[in-house]
1. Please find, within region 74-93, the residue that is farthest from the ligand (Cβ to nearest atom) out of those that are over 14 Å from the mean Cα position of the chain (by Cα) and buried (at least 19 other Cβ atoms within 10 Å of the Cβ).
2. For region 123-138, state whether one or more residues are more than 16 Å from the ligand (Cβ to nearest atom) and free of Cβ contacts under 8 Å to residues at least 12 places away in the same chain.
3. Has region 285-308 got at least one residue that is touching a residue at least 60 places away in the same chain (Cβ under 8 Å), surrounded by fewer than 18 Cβ atoms within 10 Å (Cβ to Cβ) and not in a loop (DSSP other than H, G, I, E, B)?
4. Are there helices (runs of 4 or more DSSP H) fully within region 163-221 with at least 1 residues that are more than 30 Å from residue 295 (Cα to Cα) and out of contact with any strand residue (DSSP E or B) (no Cβ under 6 Å at 6 or more places or on another chain)? List them.
5. Quick check on residue 69: is it surrounded by fewer than 22 Cβ atoms within 10 Å (Cβ to Cβ), in contact (Cβ under 8 Å) with a residue 40 or more places away in the chain and over 18 Å from the mean Cα position of the chain (by Cα)?
6. Of all residues being more than 8 Å from the ligand (Cβ to nearest atom) and in a loop (DSSP other than H, G, I, E, B) in region 260-284, which is surrounded by the most Cβ atoms within 10 Å (Cβ to Cβ)? Just the residue, please.
7. Among the residues of region 49-64, which ones are touching a strand residue (DSSP E or B) at 6+ places or on another chain (Cβ under 9 Å) and farther than 9 Å from residue 30 by Cα?
Ligand code: AMP
């Protein structure tokens with residue numbers, strides 16, 4: 001069992017540390033990744049610490065990536081945060097370093113790394129990184145606190161989802177002691193461009209809800225073009241169907257340029273990640289992602305959600 005001390009010992013042993021996270025990053029992926037970079041830099045200023053991956057434009061207000069050369073990986077420690085399975089790691093060079101550490105809170109479907117620290121009881125990877133810093137008495141900067149707080153409120157829906165524990169709240173309260181504008185951050189994360197408001201109207205208008213409370217909506221490429229949206233921007237509406245009292249599980253099928261569908265699955269209580277796993281995906285019990293390759297497969301996924309509700313009635 002890997003401990004926080006093992007991770008700290010590895011960090012101490014390397015001069016160059018490169019931190020990765022998952023593709024299509026969310027605030028927890030970026031917050032834990034760049035928050036960890038800030039912590040290492042503040043405590044070990046002589047080390048070179050870099051973050052890599054696609055710079056997601058909708059989250060550029062939160063953090064930016066570094067330029068990382070292939071040569072930087074020579075003799076480097078690589079840490080991958082918030083990423084359950086290897087194909088989802090952003091930047092495939094993660095395996096070209098000297099030593100690899102996985103730090104995650106998703107179910108451990110794909111065991112990788114020379115060291116692996118996985119805590120599925122943690123609300124977020126940012127909660128784990130904060131805990132790591134606090135338990136090792138490492139200095140936290142205000143910027144690190146801001147990033148990690150963003151990750152925690154991102155993954156817990158501002159302490160709404162059941163993954164929120166008393167430990168989450170204790171850790172969040174410790175982060176709030178640092179000097180950053182948490183209200184402005186929460187406001188930023190809770191507001192969206194006007195075109196998203198129009199998309200929300202579309203989603204509520206076109207949502208198909210059955211008697212059991214299984215809901216679905218398809219966002220075709222045509223719809224995305226009409227609303228001038230990228231796939232990443234649709235993340236702002238993923239939780240919306242759950243606001244409807246009768247909705248218990250929901251699937252949002254986002255058509256990709258190649259014609260396949262990215263499926264975003266959410267649930268209030270029924271466990272849905274097994275459905276995701278059957279369709280080239282995975283994730284948390286109540287928040288998963290999958291891939292569908294036809295309209296028939298979309299129907300099949302919706303049917304599986306309906307069956308799940310019937311079984312859990
Ligand atoms: P999303 O709907 O993309 O926000 O994803 C919700 C959750 O499901 C996140 O925790 C993701 O890590 C996970 N997830 C999304 N897509 C996949 C996938 N293709 N494979 C495994 N896990 C996924």
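Nothing in this text is a laboratory measurement; each read-out follows from the coordinates by a stated rule. As the structure is a computational prediction, the values presented were derived from the model and not from experiment. Note: ideal-geometry Cβ built from the backbone for every residue, glycine included; neighbour counts use all protein chains shown.
1. Looking at residues that are over 14 Å from the mean Cα position of the chain (by Cα) and buried (at least 19 other Cβ atoms within 10 Å of the Cβ), I get 76.
2. There is at least one residue in region 123-138 that is more than 16 Å from the ligand (Cβ to nearest atom) and free of Cβ contacts under 8 Å to residues at least 12 places away in the same chain.
3. Yes, region 285-308 contains at least one residue that is touching a residue at least 60 places away in the same chain (Cβ under 8 Å), surrounded by fewer than 18 Cβ atoms within 10 Å (Cβ to Cβ) and not in a loop (DSSP other than H, G, I, E, B).
4. 166-175, 182-190
5. No: the conditions fail for residue 69.
6. Filtering region 260-284 for residues that are more than 8 Å from the ligand (Cβ to nearest atom) and in a loop (DSSP other than H, G, I, E, B), the one surrounded by the most Cβ atoms within 10 Å (Cβ to Cβ) comes out as 272.
7. 49, 50, 51, 52, 53 - these are the residues of region 49-64 that are touching a strand residue (DSSP E or B) at 6+ places or on another chain (Cβ under 9 Å) and farther than 9 Å from residue 30 by Cα.
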